[in-house]
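Worksheet for the structure shown next.
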Number of protein chains: 2
Amino acid sequence: MSTHGRTLPRRLKRESSSEQVAEHIRRLIMSGELVKGERLRQEDLAEELGVSRIPVREAIIALDREGWLDFESNRGAHVAGLAADDIRDHYELRGLVFGLLARRVVETATDEDVKALSALAAEMKRAPDIVEFAVTNERLIRQIVRLAASPRLTAALLVTPAIMHHDFYEFVPTGRKNQEAGVAAFMRALKQRSADGADTAMRTMLRRQGQAVLAAFTASGVVGRE
Amino acid sequence: MSTHGRTLPRRLKRESSSEQVAEHIRRLIMSGELVKGERLRQEDLAEELGVSRIPVREAIIALDREGWLDFESNRGAHVAGLAADDIRDHYELRGLVFGLLARRVVETATDEDVKALSALAAEMKRAPDIVEFAVTNERLIRQIVRLAASPRLTAALLVTPAIMHHDFYEFVPTGRKNQEAGVAAFMRALKQRSADGADTAMRTMLRRQGQAVLAAFTASGVVGRE
DNA sequence: GCCGCAGACAATGCATACAATATCGTCTAC
DNA sequence: GTAGACGATATTGTATGCATTGTCTGCGGC
């Protein structure tokens with residue numbers, strides 16, 4: 001799995017089989033190999049991946065809670081699929097929320113906080129590969145959330161459970177560019193202590209990300225067959 | 001384990017053991033019997049509930065994704081716990097989002113839609129017990145979401161994963177009253193086609209619910225020991 | 001006295017095996 | 001010919017057992 005020498009920097013816990021299986025299935029969905037409504041048979045997946053059905057079941061349960069699958073007792077798991085509206089709304093919401101967070105950051109962050117965020121933004125720009133980029137980006141987001149909101153719920157509700165995942169940027173070509181530009185705009189606004197500017201930067205970035213995701217997922221067939 | 005005669009009315013799919021275990025653990029947390037940081041040992045729970053460790057593991061994974069537990073590979077599951085800020089932010093967000101949804105409903109709903117919502121609101125008021133109330137309320141929320149937003153993501157992000165669950169109202173004394181009053185206010189605004197009114201109704205209701213939840217969870221000890 | 005390491009113990013992760021449930025085809029009755 | 005019931009098969013749900021990993025205790029070295 002490790003494509004680069006030091007696998008996932010500052011990543012402490014190793015991934016269990018269940019987590020790997022979940023990642024695999026997420027990829028299948030994002031890449032369009034699994035389309036909406038398609039049924040996942042536990043045994044097939046288990047055999048295909050060389051594990052037993054237990055980790056497959058555990059992955060399915062996690063993906064059900066994340067919204068990728070619909071899992072009904074004794075009736076199997078089906079790909080939930082996404083509609084164009086889902087994506088639009090999802091990113092509109094993210095924009096709303098992160099705009100609010102950005103405002104709070106501008107209002108409350110100390111100079112040190114700004115410096116720390118700045119450093120992370122710079123690190124993102126230098127990231128040699130997409131994985132490191134994603135990891136750093138996640139740290140930046142966490143930092144913003146930590147400064148602006150309760151640590152757990154906002155993060156859990158709006159960062160974890162959805163479309164943003166480690167392999168997200170692989171499937172959305174312009175994702176990294178958008179993200180970097182948005183972060184840069186946010187940092188400029190933050191340094192000028194402009195709450196409005198920070199809010200706008202976040203909303204704009206997330207609107208663009210939404211469009212990019214929609215384009216990518218439409219191309220791969222994840223979206224559209226409603 | 002079933003302590004009440006007619007288990008959950010109009011529940012089509014029977015609950016698997018995993019789901020029952022998850023519900024059990026959620027209750028333990030909400031009632032304060034499990035406090036933040038406390039570790040859950042799979043075998044103990046299994047024995048206590050008379051099942052094997054498999055359904056317990058599956059429940060733990062689901063609760064991890066819902067945010068109730070922190071589950072790390074090979075290191076066990078710990079109660080995540082809530083901070084007062086978590087609750088405040090959670091409800092502020094819900095207010096933001098449902099305010100937006102309420103606006104959209106006012107702008108797009110047909111007379112028939114209004115009638116249907118009205119019927120559900122009336123049914124809520126008539127509900128003889130708290131379970132039926134919760135079920136009807138959920139149908140109403142789903143209806144609103146369906147009218148106003150993409151069906152899946154908004155619902156998945158903001159309804160499912162968190163504090164609202166079937167046994168929520170048992171733990172929050174004034175929950176039902178607040179909810180009914182808020183729905184009534186929303187319906188009045190809707191009938192007058194007042195987007196602002198609907199928005200305000202939702203925000204107000206959710207602010208109050210947040211306060212009620214905070215009070216209840218502080219009393220039970222779920223919140224506070226940070 | 002403190003740090004690091006080795007072994008035993010405890011708890012988790014996963015595979016196998018069996019039980020429960022759904023699904024589909026077939027047969028019978030009308 | 002069609003509807004309903006019954007069984008065969010496919011698939012999921014759960015229990016048990018072993019392998020793996022984390023944790024704790026006690027010893028030796030610095």
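Rule-based calculations on the coordinates, nothing more; no lab input. Not measured: the values here are computed from a predicted model. Reconstructed Cβ throughout: ideal geometry from the backbone, glycine too, with neighbour counts over all protein chains shown.
Averaged over B:64-73, how many beta carbons belonging to a partner chain fall within 10 Å of each residue's beta carbon?
Mean partner-chain Cβ count within 10 Å for B:64-73: 4.
Cα-Cα over 27 Å: which of A:K115/A:K177; A:K36/B:K191; A:K125/A:K191? It would help to have the intermediate numbers written out before the result.
Values: A:K115/A:K177 22 Å; A:K36/B:K191 37 Å; A:K125/A:K191 18 Å.
Beyond 27 Å: A:K36/B:K191.
A:S52 versus A:E123, label points 7 Å from Cα toward the beta carbon: distance in nm?
Placing both labels 7 Å beyond Cα along the Cβ direction yields 4.0 nm.
So, counting K/R as plus one and D/E as minus one, what does the shell of residues with Cβ under 12 Å around B:R203 add up to?
Net charge around B:R203: +1.
Trypsin sites (Lys or Arg not before Pro), restricted to region A:43-113: which are DSSP loop and have at most 16 other Cβ atoms within 10 Å?
A:R75
Could you pull the copy-to-copy label distances for A:K125, with points set 7 Å along Cα to Cβ, in nm to one decimal and sorted shortest first?
6.1
For the pair B:Q42/B:K115, report the inter-label distance in nm, with labels modelled 7 Å from Cα in the Cβ direction.
Computed distance between label sites B:Q42 and B:K115 equals 5.4 nm.
Taking the Cα-to-Cβ direction at A:Q211 and at A:R139 and moving 7 Å from each Cα, how far apart do the two end points lie in nm?
Here the answer is 3.2 nm between the modelled labels.
Would you mind estimating how fast region A:17-79 diffuses translationally, via Stokes-Einstein at 25 °C and 0.890 mPa s with the Kirkwood radius over Cα pairs, in µm²/s? Display every interim value, and only then the final one.
Working: Rh = 11.3 Å.
After rounding, the answer is 217 µm²/s.
Along Cα→Cβ at 7 Å, what distances in nm separate the A:E43 label point from those on the other copies, shortest first?
Label-point separations across copies, in nm and ascending: 3.2.
Please name whichever of B:A127, B:M202, B:V106 sits farthest to the positive end of the charge dipole of region B:84-220, dipole taken about the Cα centre and charges placed at Cβ: Lys and Arg +1, Asp and Glu -1.
In region B:84-220, that residue is B:V106.
With Rg and the Kirkwood Rh both taken from Cα atoms, where does Rg over Rh land for region A:84-220?
Radius of gyration relative to Kirkwood radius: 0.94.
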